[in-house]
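For reference, the structure discussed in these notes is given below.
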Amino acid sequence: MRPSAGAEGPFTRDPDPDRRLPTWPRVALVFVAVVVGFFVIRACDDAQIEVSEAEAVELARQEVDFEPTYTQVRFIRQGINSAPFWFVSLSIPIGDPDEPDAFEEFAVVRVDGRDGAAAVVEEGEDAVEADRKAKRQAEEKPE
């Protein structure tokens, strides 16, 4: 059934079509809202990281009982809530530092990026495997 002339309701035509905004301003408004939302989310996300890379290295050094000659740091988010962690590899290589499995001492320390707590410490052969796992995770999930 068609609405009669002069009837009001959701299916009637607007008597003044010039009142409606053109399509491009509405599209521009949606685009601006998305861009602003993106930057707000990024700002909130970066605010979660309270521990800098240098602080993470210093905290990791305090967790091991040797003075490392080589340090490697990776930033990884883990878990459903994407918690920020620094994985700090500390080592004393034997001979050629390019030989990846020859170490006098080796440790991987996971430092919580929010409060600086050393969450996991792996040493020796377990640390070499933990370092490889952290490298794989860093390659799978770029920052």
Let me have the relative contact order for the range 53-140, percent, based on Cα pairs under 8 Å that are six or more residues apart. 26
Applying a 10 Å radius around every beta-carbon, put 67-79, 24-36, 106-118, 49-61 in order of their mean neighbour count, most first. 106-118, 49-61, 67-79, 24-36
Per-pair calculated FRET efficiency, R0 = 41 Å: Val36 and Glu139 via Cβ, rounded to 0.05: 0.80
The range 53-140: Rg/Rh from Cα coordinates, Kirkwood Rh? 0.96
Can you give me the distance in nm between label points at Arg26 and Glu129, each placed 7 Å from the Cα along the Cα-to-Cβ direction? 5.9
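Any read-out appearing in this document is the output of simple, stated calculations on the displayed coordinates, not a laboratory observation. Quick caveat, the model's predicted, so the values are computed rather than measured. Cβ coordinates were reconstructed from backbone atoms using ideal geometry, including for glycine residues, and neighbour counts include every protein chain displayed.
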